[in-house]
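What follows is calculated from the coordinates using simple rules that are stated; it is not laboratory data. The structure displayed is predicted, hence computed values, not measured ones. Here the Cβ positions follow ideal geometry from the backbone for every residue, glycine too, while neighbour counts run over all protein chains shown.
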Amino acid sequence: MRTDNQNLASIIELCFDYSSDNRVSEELQTRFLALGKRLRGTLVNLITAQFEAETAQFIEANNQITILNNRLKNEAQVLDNVANTVEQLGQLVSILDDLIGIAASFR
């Protein structure tokens with residue numbers, strides 16, 4: 001059996017995405033970059049490796065790959081939602097500023 005390399009590749013891609021995402025702190029960007037590089041090196045070795053599917057380590061590794069892949073995808077959605085909310089807040093501020101300008105002109 002082989003590890004879940006497709007989901008691992010997705011994790012690596014998300015790590016690299018987060019490493020250059022300005023919505024993430026610089027410290028976390030640096031960590032994501034380092035972890036992405038390390039995982040990429042591990043993936044290269046795993047591509048040719050075969051394992052006994054019944055071992056606890058194999059099962060745990062694949063479970064963690066799945067869990068972390070889903071979690072990183074969810075975190076990306078959360079960041080997108082926060083960015084959209086901030087954008088909508090900016091629009092609200094602009095609308096309210098315009099509204100206040102109208103009210104001031106009636107004095």
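Counted by Cβ distance under 12 Å from Thr66, the other residues give a net charge of 0, where Lys and Arg count +1 and Asp and Glu count -1. FRET efficiency for the Thr42 to Ile95 pair, using the beta carbon distance and R₀ = 30 Å, is estimated at 0.05. The fraction of Cα-Cα pairs per 5 angstrom bin, counted from 0 for the range 5-77, comes to 3, 16, 23, 25, 15, 9, 5, 2, 0 percent, rounded to whole percents. Put a plus charge on the Cβ of each Lys and Arg, a minus charge on the Cβ of each Asp and Glu, and nothing anywhere else: the dipole of the chain about its Cα centre is then about 160 debye. Farthest towards the positive end of the charge dipole of the range 5-77, among the residues Leu43, Tyr18, Leu68, is the Cα of Tyr18, using unit charges on the Cβ of Lys, Arg, Asp and Glu. From least to most packed, judged by other beta carbons within 10 angstrom and beginning with the fewest, Asp21, Asp4, Asp98 follow the order Asp98, Asp21, Asp4.
The trypsin sites (Lys or Arg not before Pro) of the range 20-76 that DSSP puts in a loop, and whose beta carbon has at most 15 other beta carbons within 10 Å, are Arg23. Each Cα pair under 8 Å and six or more residues apart adds its sequence gap; the mean of these over the residue count of the range 5-77 is a relative contact order of 40 percent.
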